[in-house]
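Engineer: This structure is in structure tokens; I'll ask about it shortly.
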Amino acid sequence: MGKKILLEKIDIPNIQEYEVYRKSGGYASVEKALKTMTPDAVVEEVKTSGVRGRGGAGFPMGLKWSFIDKKSGKPRHLVVNADESEPGTFKDRYLMHHIPHLLIEGAIVSSYALEANLSYIYIRGEYMWIFKILEKAIKEAYANGWLGKNILGTGYDLDLYVHCGAGAYICGEETALIESLEGKRGNPRIKPPFPAVSGLWGEPTVVNNVESISTVSWIINNGGEEYAKIGLGKSTGTKLMSASGHIKNPGVYEIELGMSVDEFFNSDEYCGGMMDNRPLKACIPGGCSVPILPTQYIFKTANGEDRLITYESLADGGFVTGSSLGSGGFIVYNDTACIVRNTWNFSRFYHHESCGQCSPCREGTGWMDKILHRIETGYGREEDIDLLWSIQSKIEGNTICPLGDAAAWPVAAAIRHFREEFEYHVRFPEKIKDRNHFVNEPMEKVRHLLKPLTSSL
């Protein structure tokens, strides 16, 4: 069994309650940080740990903290990004639901490190019951002297609020989140200036993911060097994985980074392998915005090395033969899954969630949605496949925020690895109009029909 940092106390009865959490060692990091450490010392411990942002980007968190403007004299802010909207990802919800005080404790220590006196947790609108859980936990923290004026008699003041968004995927992007928090439409900002210089209300701001902030208390209690000993190379620490799809044991798991995909997938401690005797067809390792991997690239890299759950190994081969750890949304498909339908479902989502600010994304996601729907419903044309490829290539890298990339990458990977399925949809429209077409006839049984036309990009 691997090291547990975030979920170490998850099985303690009533751990979501303040009294139980406190008796289990909760808020010890706040005492240590405020009474024995300077803010800069806290930042250095986080830098030493090597912990990287767990929201998807994987940028070193301590380094991000060090960028915040402390020279302007303006108030500084921490904003916790709890706008968990990535399809296939639900680990932040799980953490906040079961052990909310861990996040509150991490937010206090992180705010102290940034010398912030006003901080926020921004949560997605669909998580209303989690919003209420967090509000209760924050009230308990105030009542017990962990928030408010002169915390622990140290002279440090901090107010922490939880703000509920209106349910927009785009608000997971840090500058769109800040716009929404200010009461405006959630449109991403052009950078620079970066939030570390001009963020919330034009003041220096750091935005970090729930999982990222929740690691801080362990790092302060145990030291950054101890945290860096966990994991592999530059992928230090543990990672929460949201496992779903055609597996025996869907759920949220905490793993040490460096574990092989094979072990995570097949071990009874984690996913438990396929839920039935059907063969594995594909896997998305990091949430719907990262490229899908076909069977041959799931457990091994293109050069034959074991595929590991690290930022580096999952990206090995680039997007041609690799993918990304992303937010850790591990989605598994068996041979009954239709990749075309799945890709259309993702494109429909991105079309709906695009803020519309950038033409390539606004128009491109709409066209991909329409074309994929046409192919999926049996009205596709042979040239539609190359048209899709052309559209996604014109979106990637041409937008203010990463949503355009997130919309393009799944389409590119689906065509690259599963082009034959798109061709099958075009050539046999009557077959694919039955939603169970791959249940009745998996691709392995009909692949021979496509050999004359199959090509690759």
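The values are calculated or read from the model by the stated rules, or taken from the named source; none is laboratory data. This structure is a prediction, so every number in the text was calculated from the model and none was measured. Virtual Cβ from ideal backbone geometry, glycine too; neighbours counted across all protein chains shown.
Engineer: Can you find a residue in the range 308-315 that is at pLDDT 95 or above and either in the same structural domain as Asn187 (by TED's automatic domain parsing) or closer than 22 Å to Trp389 by Cα (or both)?
Structural biologist: Within the range 308-315, the subset at pLDDT 95 or above is 308-315.
Now restrict to residues that are either in the same structural domain as Asn187 (by TED's automatic domain parsing) or closer than 22 Å to Trp389 by Cα (or both): 315.
Checked the range 308-315: at least one residue is at pLDDT 95 or above and either in the same structural domain as Asn187 (by TED's automatic domain parsing) or closer than 22 Å to Trp389 by Cα (or both).
Engineer: Here's another thing I want to ask about it. Give me the residue from the range 176-192 that is outside any loop (DSSP other than H, G, I, E, B) and hydrophobic (A, V, I, L, M, F, W, C) and, out of that set, nearest to Thr205 (Cα to Cα).
Structural biologist: Across the range 176-192, the extreme among qualifying residues is Ile178.
Engineer: Still on this structure: Just one of (1) touching a helix residue (DSSP H, G or I) at 6+ places or on another chain (Cβ under 8 Å); (2) free of Cβ contacts under 8 Å to residues at least 60 places away in the same chain; (3) over 20 Å from Asp335 (Cα atoms) trips up Leu403, so point out which.
Structural biologist: Only one criterion in (1) touching a helix residue (DSSP H, G or I) at 6+ places or on another chain (Cβ under 8 Å); (2) free of Cβ contacts under 8 Å to residues at least 60 places away in the same chain; (3) over 20 Å from Asp335 (Cα atoms) is unmet by Leu403, namely (2).
Engineer: Taking Gly148 as the residue in question, decide whether it is touching a helix residue (DSSP H, G or I) at 6+ places or on another chain (Cβ under 7 Å), without any contact (Cβ under 8 Å) to a residue 24 or more places away in the chain and not aliphatic (A, V, I, L, M). Talk me through it step by step, then tell me what you get.
Structural biologist: On the way: touching a helix residue (DSSP H, G or I) at 6+ places or on another chain (Cβ under 7 Å): yes; without any contact (Cβ under 8 Å) to a residue 24 or more places away in the chain: yes; not aliphatic (A, V, I, L, M): yes.
Considered against the rule, which asks whether it is touching a helix residue (DSSP H, G or I) at 6+ places or on another chain (Cβ under 7 Å), without any contact (Cβ under 8 Å) to a residue 24 or more places away in the chain and not aliphatic (A, V, I, L, M), Gly148 comes out as yes.
Engineer: Of everything in the range 33-63, what is farther than 25 Å from Ile151 by Cα, of a type in the set (A, V, I, L, M, F, W, C) and assigned to a loop (DSSP other than H, G, I, E, B)? Give them in sequence order.
Structural biologist: Val51, Ala57, Phe59
Engineer: In the range 216-254, how many are over 20 Å from Thr295 (Cα atoms), polar (S, T, N, Q) and in contact (Cβ under 8 Å) with a residue 40 or more places away in the chain?
Structural biologist: Residues in the range 216-254 being over 20 Å from Thr295 (Cα atoms), polar (S, T, N, Q) and in contact (Cβ under 8 Å) with a residue 40 or more places away in the chain: 5 in total.
Engineer: Exactly one of these conditions fails for Asn249: (1) closer than 30 Å to Thr175 by Cα; (2) polar (S, T, N, Q); (3) part of a loop (DSSP other than H, G, I, E, B). Give me its number.
Structural biologist: Condition (1) is where Asn249 drops out.
Engineer: Can I ask one more? Is the range 427-447 home to any residue that is surrounded by 18 or more Cβ atoms within 10 Å (Cβ to Cβ) and not in a helix (DSSP H, G or I)?
Structural biologist: So far as the range 427-447 goes, no, none of its residues is surrounded by 18 or more Cβ atoms within 10 Å (Cβ to Cβ) and not in a helix (DSSP H, G or I).
Engineer: Right, something else. Condition test on Leu200, is it surrounded by 19 or more Cβ atoms within 10 Å (Cβ to Cβ), touching a His at 6+ places or on another chain (Cβ under 6 Å), touching a residue at least 60 places away in the same chain (Cβ under 8 Å) and assigned by TED's automatic domain parsing to the domain that holds Arg22? Break it down into steps so the answer makes sense when it comes.
Structural biologist: On the way: surrounded by 19 or more Cβ atoms within 10 Å (Cβ to Cβ): yes; touching a His at 6+ places or on another chain (Cβ under 6 Å): yes; touching a residue at least 60 places away in the same chain (Cβ under 8 Å): yes; assigned by TED's automatic domain parsing to the domain that holds Arg22: yes.
Against the criterion (surrounded by 19 or more Cβ atoms within 10 Å (Cβ to Cβ), touching a His at 6+ places or on another chain (Cβ under 6 Å), touching a residue at least 60 places away in the same chain (Cβ under 8 Å) and assigned by TED's automatic domain parsing to the domain that holds Arg22), Leu200 qualifies.
Engineer: Considering (1) assigned by TED's automatic domain parsing to the domain that holds Lys136; (2) in contact with a helix residue (DSSP H, G or I) (Cβ under 9 Å, 6 or more places away or on another chain); (3) closer than 13 Å to Asn221 by Cα, say which one Thr36 fails and leave the rest.
Structural biologist: (2)
Engineer: Considering only the range 320-357, state which residues are farther than 21 Å from Asp369 by Cα, more than 19 Å from the chain's Cα centre (by Cα) and either in a loop (DSSP other than H, G, I, E, B) or among the β-branched types (Val, Ile, Thr) (or both).
Structural biologist: Matches in the range 320-357: Val320, Thr321, Asp335, Thr336.
Engineer: Filter the range 268-302 for residues that are assigned to a loop (DSSP other than H, G, I, E, B), surrounded by fewer than 16 Cβ atoms within 10 Å (Cβ to Cβ) and among the polar types (S, T, N, Q) and give the result.
Structural biologist: Scanning the range 268-302 gives a single hit, Asn277.
Engineer: Quickly run through the range 362-406 and pick out the residues that are within 25 Å of the chain's Cα centre (by Cα) and either assigned by TED's automatic domain parsing to the domain that holds Val320 or in a loop (DSSP other than H, G, I, E, B) (or both).
Structural biologist: Glu396, Gly397, Asn398, Thr399, Ile400, Cys401, Pro402, listed by residue number.
Engineer: Taking the conditions exactly as written (touching a His at 6+ places or on another chain (Cβ under 6 Å) and touching a residue at least 12 places away in the same chain (Cβ under 8 Å)), does Pro294 satisfy them or not? Can you show your working first?
Structural biologist: Values: touching a His at 6+ places or on another chain (Cβ under 6 Å): yes; touching a residue at least 12 places away in the same chain (Cβ under 8 Å): yes.
Considered against the rule, which asks whether it is touching a His at 6+ places or on another chain (Cβ under 6 Å) and touching a residue at least 12 places away in the same chain (Cβ under 8 Å), Pro294 comes out as yes.
Engineer: Under 7 Å between Cβ atoms, at least 6 apart or on separate chains: pull out the pairs that start in the range 72-96 with a residue that is closer than 18 Å to Ile284 by Cβ and in the same structural domain as Glu211 (by TED's automatic domain parsing) and end on any residue that is among the basic types (Lys, Arg) and crowded, with 22+ Cβ neighbours inside 10 Å.
Structural biologist: Pairs found: Glu84/Arg124; Ser85/Arg124.
Per-residue answers, yes or no, for (1) in a helix (DSSP H, G or I); (2) at pLDDT 95 or above; (3) buried (at least 20 other Cβ atoms within 10 Å of the Cβ); (4) within 20 Å of the chain's Cα centre (by Cα):
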site	(1), (2), (3), (4)
Gly73	no, no, no, no
Asn81	no, yes, yes, yes
Pro87	no, no, no, yes
Leu103	yes, yes, yes, yes
Ala107	yes, yes, yes, yes
Ser111	yes, yes, yes, no
Ala116	no, yes, yes, no
Ile121	no, yes, yes, yes
Gly125	no, no, no, yes
